Every structure is written in C-alpha cells, then in structure tokens.
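Okay, structure first, notes after.
Any read-out appearing in this document is the output of simple, stated calculations on the displayed coordinates, not a laboratory observation. On a predicted model such as this, the values are computed, not experimentally measured, just so you know. Glycine also receives a Cβ, built like all others from the backbone with ideal geometry; neighbour counts cover every protein chain displayed.
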Amino acid sequence: MSTTVQTIDEVRAMLVEAIAVEAGVPADTVATDEPFTSYGLDSMAALSVGMEIEDTCGLKDLPVDLLWDHPTVDSLADALWALIQQQPVAEEV
C-alpha cells in the first residue's frame, strides 16, 4: 500500500482492514474492542499485519510483540498513533 496515515482514525481503519484480510472476514464485522485472537490470528498473521503497519504508517523496526502487547484495534491504534507522533517530520525540498 505504501501510504502514510494522517490521523488516528486512518490508523484504526487501516488496522481494521488488515485484521479483516488476515481473518478472512468483512471489515465491517471487526469490532475494535475485541482481541485479535477472537479472529483466529496467529503469529504468522500478526507478522503480516505488522508489515502492513510498517508500510502504511511509515514506521520501521516495530517490536515483534506489539500486537500481543496491544491486543485490540483500539489499543494498537493508540500505541501506533503515539509512535507516529514521535517520528521526525521530513523537511520538504
């Protein structure tokens, strides 16, 4: 995808879509307060979601246990938004 999210709502929407794809369910059925494990996500799915996060959010070298430490879309979106806000802003040329 390789786009950079601009708001926490975009982070949340990206996570919902990534979880839905990995779980094989429609995005509108992903509850943002349900644990990822309730969708049957395993460590391989978490790795895939992590790569999507890095690509979409412009973050690199995320902790491997990020999804386990923040096991819902809401929790993970908050954590990612905090990380995004800490990123230095690239100067425009």
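Values as computed for the structure displayed
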item	result
Local net charge near residue 81, Cβ-Cβ under 12 Å (Lys/Arg +1, Asp/Glu -1)	-3
Cα-centred dipole magnitude for the chain, charges only on beta-carbon of K, R (+1) and D, E (-1), debye, nearest 20	80 debye
Peptide ranges 21-31, 51-61, 74-84 listed from the most packed, as the mean C-beta count within 10 angstrom indicates	74-84, 51-61, 21-31
Region 8-84: Rg to Rh, with Rh as the Kirkwood radius over Cα pairs	0.91
Length added when fully stretched, residue 82-residue 38, from 0.36 nm per residue minus Cα-Cα	13.3 nm
Nearest-0.05 FRET efficiency for residue 25 and residue 61, computed from C-beta distance (R0 41 Å)	0.90
